[in-house]
1. Provide a single number: the residues in segment 50-78 that are open to solvent by less than 10 Å² (accessible area, probe 1.4 Å) and either farther than 21 Å from GLU131 by Cβ or without any contact (Cβ under 8 Å) to a residue 60 or more places away in the chain (or both).
2. Could you check segment 101-119 and list, in sequence order, the residues that are closer than 14 Å to LEU90 by Cα, assigned to a helix (DSSP H, G or I) and free of Cβ contacts under 8 Å to residues at least 12 places away in the same chain?
3. Quick one: would you say TRP21 is open to solvent by 70 Å² or more (accessible area, probe 1.4 Å), of a type in the set (Phe, Trp, Tyr) and at pLDDT 75 or above?
4. Identify the single condition in (1) open to solvent by less than 10 Å² (accessible area, probe 1.4 Å); (2) in a loop (DSSP other than H, G, I, E, B); (3) aliphatic (A, V, I, L, M) that LEU81 does not satisfy, given that it satisfies every other one.
5. Return the only residue of ALA212, ALA176 being surrounded by 18 or more Cβ atoms within 10 Å (Cβ to Cβ) and within 22 Å of GLY66 (Cβ to Cβ).
6. Filter segment 1-16 down to residues that are within 15 Å of VAL126 (Cβ to Cβ) and of a type in the set (Val, Ile, Thr) and give me whichever is surrounded by the most Cβ atoms within 10 Å (Cβ to Cβ).
7. Exactly one condition in (1) crowded, with 20+ Cβ neighbours inside 10 Å; (2) closer than 30 Å to VAL252 by Cα is not met by ALA93; state its number.
8. Please pick out the residue among VAL204, VAL211 that is outside any helix (DSSP H, G or I), at pLDDT 80 or above and more than 29 Å from ALA118 (Cβ to Cβ).
Amino acid sequence: AMGWVTSHAAAIFSGLLAAFWAAVGIVVRQRATQDVPGDEAISSAMVTSLVRQPLWWAGTLAAIAGYVFQALALAHGSLLLVQPLLVSSLLFALPLSARICGERITWPQWGWATLLTAALAVFVLVGQPREGHNRPPIPAWTLALAITVPSVIVCVIAAHRAIGRMRAMLLGVAVAILLGMIAVVTKICTHRYSIGGWHALMTVPAPYVLVALAVTVTVVQNSAFHAGSLQASVPIMLVGEPIVAVLLGVVVLGEHLAVGGSAALILVIAVFAMVAATVALARTQAIEVAGSPVHQGHPDSDSTSLASAGSRDRVN
(Lines give C-alpha, C1' and ligand atoms only; values in the text may rest on other atoms or scores of the structure.)
Protein backbone atom coordinates (compact mmCIF):
# COMPACT_ATOMS: atom_id res chain seq x y z
CA ALA A 1 0.00 0.00 0.00
CA MET A 2 2.81 2.42 0.83
CA GLY A 3 4.35 1.97 -2.61
CA TRP A 4 1.01 2.91 -4.18
CA VAL A 5 0.69 5.96 -1.88
CA THR A 6 4.21 7.11 -2.77
CA SER A 7 3.55 6.84 -6.52
CA HIS A 8 0.29 8.78 -6.15
CA ALA A 9 1.61 11.34 -3.65
CA ALA A 10 1.34 14.25 -6.14
CA ALA A 11 -2.34 13.52 -6.84
CA ILE A 12 -3.20 13.06 -3.15
CA PHE A 13 -1.33 16.22 -2.06
CA SER A 14 -2.84 18.32 -4.89
CA GLY A 15 -6.31 16.94 -4.11
CA LEU A 16 -6.01 17.95 -0.45
CA LEU A 17 -4.72 21.41 -1.46
CA ALA A 18 -7.71 21.72 -3.82
CA ALA A 19 -10.04 20.86 -0.93
CA PHE A 20 -8.31 23.39 1.35
CA TRP A 21 -8.49 26.31 -1.10
CA ALA A 22 -12.08 25.44 -2.02
CA ALA A 23 -12.96 25.63 1.69
CA VAL A 24 -11.17 28.99 2.08
CA GLY A 25 -12.99 30.34 -0.98
CA ILE A 26 -16.38 29.26 0.32
CA VAL A 27 -15.89 30.48 3.92
CA VAL A 28 -14.50 33.88 2.83
CA ARG A 29 -17.23 34.48 0.23
CA GLN A 30 -19.91 33.36 2.66
CA ARG A 31 -18.58 36.00 5.07
CA ALA A 32 -18.68 38.60 2.28
CA THR A 33 -22.32 37.82 1.41
CA GLN A 34 -23.34 38.49 5.02
CA ASP A 35 -22.67 42.19 4.41
CA VAL A 36 -25.20 42.31 1.57
CA PRO A 37 -28.61 43.69 2.68
CA GLY A 38 -31.37 41.08 2.68
CA ASP A 39 -33.54 43.05 0.27
CA GLU A 40 -30.76 42.89 -2.33
CA ALA A 41 -30.82 39.10 -2.58
CA ILE A 42 -31.38 37.66 -6.07
CA SER A 43 -30.76 40.97 -7.80
CA SER A 44 -28.13 42.81 -9.82
CA ALA A 45 -27.70 45.02 -6.73
CA MET A 46 -26.34 42.00 -4.83
CA VAL A 47 -23.82 41.28 -7.58
CA THR A 48 -22.76 44.94 -7.59
CA SER A 49 -22.38 44.92 -3.80
CA LEU A 50 -20.23 41.77 -3.87
CA VAL A 51 -18.01 42.93 -6.75
CA ARG A 52 -17.09 46.03 -4.73
CA GLN A 53 -15.86 43.93 -1.81
CA PRO A 54 -12.15 42.98 -1.70
CA LEU A 55 -13.15 40.11 0.62
CA TRP A 56 -15.39 38.60 -2.07
CA TRP A 57 -12.59 38.83 -4.64
CA ALA A 58 -10.18 37.16 -2.20
CA GLY A 59 -12.67 34.32 -1.78
CA THR A 60 -13.10 34.03 -5.55
CA LEU A 61 -9.32 33.82 -6.10
CA ALA A 62 -9.11 31.09 -3.45
CA ALA A 63 -11.91 29.20 -5.23
CA ILE A 64 -10.05 29.46 -8.55
CA ALA A 65 -6.88 28.19 -6.84
CA GLY A 66 -8.94 25.22 -5.62
CA TYR A 67 -9.98 24.37 -9.17
CA VAL A 68 -6.39 24.71 -10.45
CA PHE A 69 -5.19 22.23 -7.81
CA GLN A 70 -8.07 19.92 -8.72
CA ALA A 71 -6.93 19.96 -12.35
CA LEU A 72 -3.34 19.32 -11.19
CA ALA A 73 -4.50 16.39 -9.06
CA LEU A 74 -6.47 14.92 -11.98
CA ALA A 75 -3.35 15.23 -14.15
CA HIS A 76 -1.55 12.89 -11.72
CA GLY A 77 -4.35 10.61 -10.53
CA SER A 78 -7.70 9.05 -11.35
CA LEU A 79 -11.15 10.52 -10.76
CA LEU A 80 -11.77 7.68 -8.32
CA LEU A 81 -8.88 8.96 -6.20
CA VAL A 82 -9.24 12.74 -6.54
CA GLN A 83 -13.01 13.31 -6.29
CA PRO A 84 -13.54 11.60 -2.89
CA LEU A 85 -10.54 13.58 -1.52
CA LEU A 86 -12.29 16.84 -2.41
CA VAL A 87 -15.07 16.05 0.07
CA SER A 88 -12.47 16.81 2.77
CA SER A 89 -13.20 20.51 2.09
CA LEU A 90 -15.69 20.14 4.93
CA LEU A 91 -12.87 19.26 7.34
CA PHE A 92 -11.04 22.50 6.47
CA ALA A 93 -14.20 24.62 6.35
CA LEU A 94 -15.31 23.60 9.84
CA PRO A 95 -12.45 25.20 11.85
CA LEU A 96 -12.08 28.09 9.39
CA SER A 97 -15.74 29.03 9.73
CA ALA A 98 -15.68 28.66 13.51
CA ARG A 99 -12.63 30.94 13.69
CA ILE A 100 -14.13 33.64 11.48
CA CYS A 101 -17.56 33.56 13.18
CA GLY A 102 -16.13 33.22 16.69
CA GLU A 103 -18.07 30.01 17.33
CA ARG A 104 -17.14 26.66 18.88
CA ILE A 105 -17.22 23.38 16.97
CA THR A 106 -19.65 20.96 18.63
CA TRP A 107 -18.70 17.43 19.69
CA PRO A 108 -21.08 15.83 17.13
CA GLN A 109 -19.37 17.88 14.40
CA TRP A 110 -15.93 16.70 15.53
CA GLY A 111 -17.29 13.15 15.57
CA TRP A 112 -18.62 13.30 12.01
CA ALA A 113 -15.40 15.04 10.86
CA THR A 114 -13.32 12.24 12.38
CA LEU A 115 -15.50 9.60 10.71
CA LEU A 116 -15.17 11.36 7.35
CA THR A 117 -11.37 11.53 7.67
CA ALA A 118 -11.12 7.84 8.61
CA ALA A 119 -13.48 6.77 5.80
CA LEU A 120 -11.49 8.81 3.24
CA ALA A 121 -8.23 7.22 4.41
CA VAL A 122 -9.70 3.71 4.19
CA PHE A 123 -11.14 4.37 0.71
CA VAL A 124 -7.80 5.61 -0.66
CA LEU A 125 -5.57 2.99 1.03
CA VAL A 126 -7.82 -0.04 0.46
CA GLY A 127 -9.23 0.93 -2.95
CA GLN A 128 -5.95 2.13 -4.49
CA PRO A 129 -7.85 3.67 -7.47
CA ARG A 130 -6.27 2.98 -10.87
CA GLU A 131 -6.06 5.15 -13.98
CA GLY A 132 -8.28 4.33 -16.96
CA HIS A 133 -7.49 4.48 -20.67
CA ASN A 134 -8.29 8.24 -20.98
CA ARG A 135 -9.30 7.90 -24.64
CA PRO A 136 -13.06 7.72 -24.21
CA PRO A 137 -14.60 5.51 -26.89
CA ILE A 138 -17.32 7.39 -28.77
CA PRO A 139 -20.18 5.05 -27.69
CA ALA A 140 -19.31 5.50 -23.99
CA TRP A 141 -19.11 9.30 -24.33
CA THR A 142 -22.40 9.36 -26.23
CA LEU A 143 -24.03 7.22 -23.55
CA ALA A 144 -22.70 9.45 -20.77
CA LEU A 145 -23.95 12.63 -22.47
CA ALA A 146 -27.27 10.98 -23.40
CA ILE A 147 -27.90 10.30 -19.70
CA THR A 148 -26.46 13.42 -18.04
CA VAL A 149 -27.59 16.26 -20.33
CA PRO A 150 -31.31 15.34 -20.39
CA SER A 151 -31.16 14.71 -16.62
CA VAL A 152 -29.91 18.25 -16.02
CA ILE A 153 -32.54 19.75 -18.36
CA VAL A 154 -35.37 17.79 -16.70
CA CYS A 155 -34.19 18.86 -13.20
CA VAL A 156 -33.98 22.54 -14.17
CA ILE A 157 -37.40 22.56 -15.89
CA ALA A 158 -39.01 20.71 -12.95
CA ALA A 159 -37.32 23.10 -10.50
CA HIS A 160 -38.87 26.13 -12.19
CA ARG A 161 -42.30 24.61 -11.55
CA ALA A 162 -41.50 23.61 -7.97
CA ILE A 163 -41.16 25.78 -4.88
CA GLY A 164 -39.07 25.86 -1.71
CA ARG A 165 -37.33 22.67 -0.61
CA MET A 166 -38.23 20.64 -3.72
CA ARG A 167 -36.87 23.37 -6.04
CA ALA A 168 -33.61 23.51 -4.04
CA MET A 169 -33.27 19.71 -4.15
CA LEU A 170 -33.91 19.48 -7.91
CA LEU A 171 -31.38 22.24 -8.63
CA GLY A 172 -28.94 20.51 -6.24
CA VAL A 173 -29.17 17.33 -8.33
CA ALA A 174 -28.55 19.36 -11.53
CA VAL A 175 -25.47 21.01 -9.96
CA ALA A 176 -24.09 17.64 -8.78
CA ILE A 177 -24.42 16.19 -12.30
CA LEU A 178 -22.80 19.26 -13.90
CA LEU A 179 -19.89 19.29 -11.42
CA GLY A 180 -19.35 15.57 -11.96
CA MET A 181 -19.21 16.18 -15.72
CA ILE A 182 -16.76 19.06 -15.18
CA ALA A 183 -14.44 16.74 -13.23
CA VAL A 184 -14.47 14.16 -16.05
CA VAL A 185 -13.90 16.75 -18.80
CA THR A 186 -11.10 18.33 -16.72
CA LYS A 187 -9.47 14.90 -16.46
CA ILE A 188 -9.68 14.47 -20.25
CA CYS A 189 -8.23 17.98 -20.81
CA THR A 190 -5.24 17.36 -18.51
CA HIS A 191 -4.55 14.08 -20.33
CA ARG A 192 -4.71 15.70 -23.78
CA TYR A 193 -2.37 18.47 -22.63
CA SER A 194 0.13 15.97 -21.18
CA ILE A 195 0.20 14.08 -24.52
CA GLY A 196 0.54 16.93 -27.00
CA GLY A 197 0.54 20.32 -25.27
CA TRP A 198 -1.78 23.22 -26.10
CA HIS A 199 -2.24 22.24 -29.76
CA ALA A 200 -3.54 18.77 -28.88
CA LEU A 201 -5.82 20.30 -26.24
CA MET A 202 -7.31 23.10 -28.35
CA THR A 203 -8.08 20.86 -31.33
CA VAL A 204 -10.56 18.68 -29.39
CA PRO A 205 -14.02 19.71 -28.09
CA ALA A 206 -13.19 19.06 -24.40
CA PRO A 207 -11.90 22.55 -23.36
CA TYR A 208 -14.86 24.27 -25.03
CA VAL A 209 -17.29 21.85 -23.38
CA LEU A 210 -15.55 22.68 -20.07
CA VAL A 211 -16.17 26.43 -20.48
CA ALA A 212 -19.83 25.84 -21.37
CA LEU A 213 -20.27 23.58 -18.32
CA ALA A 214 -18.57 26.13 -16.04
CA VAL A 215 -20.93 28.91 -17.17
CA THR A 216 -23.98 26.64 -16.85
CA VAL A 217 -23.09 25.36 -13.37
CA THR A 218 -22.50 28.93 -12.14
CA VAL A 219 -26.02 29.95 -13.16
CA VAL A 220 -27.73 26.77 -11.90
CA GLN A 221 -25.79 26.81 -8.64
CA ASN A 222 -26.70 30.40 -7.79
CA SER A 223 -30.32 29.52 -8.55
CA ALA A 224 -30.04 26.55 -6.15
CA PHE A 225 -28.74 28.76 -3.34
CA HIS A 226 -31.35 31.43 -4.03
CA ALA A 227 -34.07 28.79 -3.87
CA GLY A 228 -33.33 28.73 -0.13
CA SER A 229 -33.33 25.57 1.97
CA LEU A 230 -29.57 25.04 2.01
CA GLN A 231 -30.14 21.82 3.93
CA ALA A 232 -32.01 20.47 0.90
CA SER A 233 -29.55 21.34 -1.88
CA VAL A 234 -26.11 21.33 -0.25
CA PRO A 235 -25.82 17.68 0.88
CA ILE A 236 -27.03 16.59 -2.59
CA MET A 237 -24.31 18.68 -4.28
CA LEU A 238 -21.62 17.48 -1.86
CA VAL A 239 -22.35 13.78 -2.13
CA GLY A 240 -23.67 13.87 -5.69
CA GLU A 241 -20.61 15.32 -7.44
CA PRO A 242 -18.12 12.56 -6.50
CA ILE A 243 -20.76 9.87 -7.20
CA VAL A 244 -21.47 11.24 -10.70
CA ALA A 245 -17.76 11.82 -11.41
CA VAL A 246 -16.78 8.33 -10.23
CA LEU A 247 -19.58 6.64 -12.22
CA LEU A 248 -18.59 8.57 -15.36
CA GLY A 249 -14.92 7.76 -14.65
CA VAL A 250 -15.74 4.06 -14.63
CA VAL A 251 -18.09 4.12 -17.65
CA VAL A 252 -16.28 6.62 -19.89
CA LEU A 253 -12.61 6.41 -18.86
CA GLY A 254 -12.46 2.79 -17.74
CA GLU A 255 -11.14 3.60 -14.26
CA HIS A 256 -11.29 0.91 -11.60
CA LEU A 257 -10.45 -0.04 -8.03
CA ALA A 258 -7.92 -2.80 -7.33
CA VAL A 259 -10.05 -4.75 -4.85
CA GLY A 260 -11.82 -8.03 -4.40
CA GLY A 261 -13.33 -10.22 -1.66
CA SER A 262 -13.39 -8.80 1.88
CA ALA A 263 -11.63 -5.59 0.73
CA ALA A 264 -14.67 -4.78 -1.44
CA LEU A 265 -16.94 -4.99 1.62
CA ILE A 266 -14.62 -2.65 3.57
CA LEU A 267 -14.77 -0.20 0.63
CA VAL A 268 -18.58 -0.25 0.56
CA ILE A 269 -18.69 0.49 4.31
CA ALA A 270 -16.14 3.32 3.86
CA VAL A 271 -18.21 4.88 1.06
CA PHE A 272 -21.42 4.72 3.15
CA ALA A 273 -19.56 6.29 6.09
CA MET A 274 -18.27 9.11 3.83
CA VAL A 275 -21.77 9.84 2.51
CA ALA A 276 -23.34 9.79 6.00
CA ALA A 277 -20.64 12.02 7.53
CA THR A 278 -20.75 14.48 4.61
CA VAL A 279 -24.55 14.83 4.77
CA ALA A 280 -24.49 15.22 8.57
CA LEU A 281 -21.76 17.89 8.48
CA ALA A 282 -23.39 19.77 5.60
CA ARG A 283 -26.72 19.81 7.43
CA THR A 284 -25.22 21.11 10.70
CA GLN A 285 -23.39 23.85 8.77
CA ALA A 286 -26.53 24.75 6.82
CA ILE A 287 -28.55 25.00 10.03
CA GLU A 288 -25.89 27.22 11.63
CA VAL A 289 -25.67 29.55 8.63
CA ALA A 290 -29.44 29.79 8.20
CA GLY A 291 -29.88 30.32 11.94
CA SER A 292 -27.20 32.97 12.41
CA PRO A 293 -28.53 36.46 13.29
CA VAL A 294 -27.21 37.90 10.03
CA HIS A 295 -29.32 35.53 7.95
CA GLN A 296 -32.56 35.49 9.89
CA GLY A 297 -35.29 37.27 8.01
CA HIS A 298 -33.59 36.97 4.63
CA PRO A 299 -32.45 33.39 4.04
CA ASP A 300 -31.63 34.01 0.41
CA SER A 301 -28.60 36.14 1.27
CA ASP A 302 -26.59 33.03 2.10
CA SER A 303 -26.17 32.35 -1.59
CA THR A 304 -22.57 31.23 -1.34
CA SER A 305 -22.91 29.74 2.11
CA LEU A 306 -20.17 27.83 3.82
CA ALA A 307 -22.59 24.95 3.88
CA SER A 308 -21.73 24.42 0.26
CA ALA A 309 -18.25 23.31 1.25
CA GLY A 310 -16.91 20.69 -1.05
CA SER A 311 -15.63 21.22 -4.50
CA ARG A 312 -18.69 23.19 -5.43
CA ASP A 313 -17.57 26.67 -6.22
CA ARG A 314 -14.11 26.31 -7.65
CA VAL A 315 -15.32 26.89 -11.19
CA ASN A 316 -17.52 29.84 -10.36
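1. Final tally of qualifying residues: 4.
2. Those that are closer than 14 Å to LEU90 by Cα, assigned to a helix (DSSP H, G or I) and free of Cβ contacts under 8 Å to residues at least 12 places away in the same chain: TRP110, GLY111, THR114.
3. On the way: open to solvent by 70 Å² or more (accessible area, probe 1.4 Å): yes; of a type in the set (Phe, Trp, Tyr): yes; at pLDDT 75 or above: yes.
Yes: the conditions hold for TRP21.
4. (2)
5. On the way: ALA212 fails: surrounded by 18 or more Cβ atoms within 10 Å (Cβ to Cβ).
Every option except ALA176 fails the conditions.
6. Initial filter on segment 1-16 (within 15 Å of VAL126 (Cβ to Cβ)): 1-5, 8, 12.
Still in the running and of a type in the set (Val, Ile, Thr): 5, 12.
Working: VAL5: 12, ILE12: 18.
Per the criteria, the residue is ILE12.
7. Of (1) crowded, with 20+ Cβ neighbours inside 10 Å; (2) closer than 30 Å to VAL252 by Cα, only one is false for ALA93: (2).
8. On the way: VAL211 fails: outside any helix (DSSP H, G or I).
Just one listed residue meets the conditions, VAL204.
The values are calculated or read from the model by the stated rules, or taken from the named source; none is laboratory data. Computed from a prediction, not measured in an experiment: that's the story for all the values here. Every residue, glycine as well, gets a Cβ built from its backbone with ideal geometry; the counts of neighbours run over all protein chains shown. To get the accessible areas, we keep the full protein, side chains included, count just its heavy atoms, and leave off ligands, DNA and RNA. Shrake-Rupley method; radii C 1.70, N 1.55, O 1.52, S 1.80 Å.
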